[in-house]
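In what follows, a structure is listed as structure tokens, so that the remarks can point back to it.
Read-outs: derived from the displayed coordinates by stated rules, not from any lab. Here the structure is a predicted model, which means the values were calculated and not measured. Methodologically, a virtual Cβ is constructed for each residue, glycine included, from the backbone with ideal geometry; neighbour enumeration extends over all protein chains shown.
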Amino acid sequence: MFILALILSKTSVSDSIMGNAIIGISAFAIAFGGLITSRKLEVKGILCGAIQGILYMVLLYFISSIASGTFALKVEGIVMILVGIIAGSVGGIIGANLK
């Protein structure tokens, strides 16, 4: 996220890519977290990854809601939550199957 902020502030890249970039970066981070978690536990990768994704997205939702002052859940928020659960599950599956 820090690198994205630097790119957006130092170049003439459009701010319209910010939403997609945030979803992509978050999905990668959640998948990696699910991979690490399920690799350490070595069981139930899909469940560990999904829980990792849910926890990450709930934390991100509360932080962004506090920062913005509104606790409304919009379509973008629902998409982010679903992407987080799916990315965490995929990362968890990969992590559980790595030997």
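Annotations
- Mean Kyte hydropathy of 0.5 or more with a Cα span along the axis of at least 24 Å, helices from DSSP in the chain: 18-41, 45-68, 75-97
- Of the residues Ala67, Gly84, Ser9, the one whose Cα sits farthest toward the positive end of the charge dipole of the chain, with +1 on the Cβ of Lys and Arg and -1 on the Cβ of Asp and Glu, is Gly84.
- Residues Thr70 and Ile25, FRET efficiency given R0 of 30 Å [Cβ-Cβ distance, rounded to 0.05]: 0.85
- The value of relative contact order for region 1-80, using C-alpha pairs under 8 Å at least six residues apart, is 19 percent.
- Overall form of region 21-81 per C-alpha gyration tensor (a/c, 1.5; a/b vs b/c): prolate
- Taking other C-beta atoms within 10 angstrom as a stand-in for reagent exposure, Leu55, Leu60 fall in the order Leu55, Leu60, fewest first.
- Packing-based ranking, highest mean first, of 85-93, 16-24 given that Cβ atoms within 10 Å are counted: 85-93, 16-24
- Calculated FRET value between Ile54 and Leu8, using beta carbons and R₀ = 22 Å, to 0.05: 0.20
- Protection proxy ranking of 37-50, 69-82, by the mean of other Cβ atoms within 10 Å over each peptide's residues and highest first, is 37-50, 69-82.
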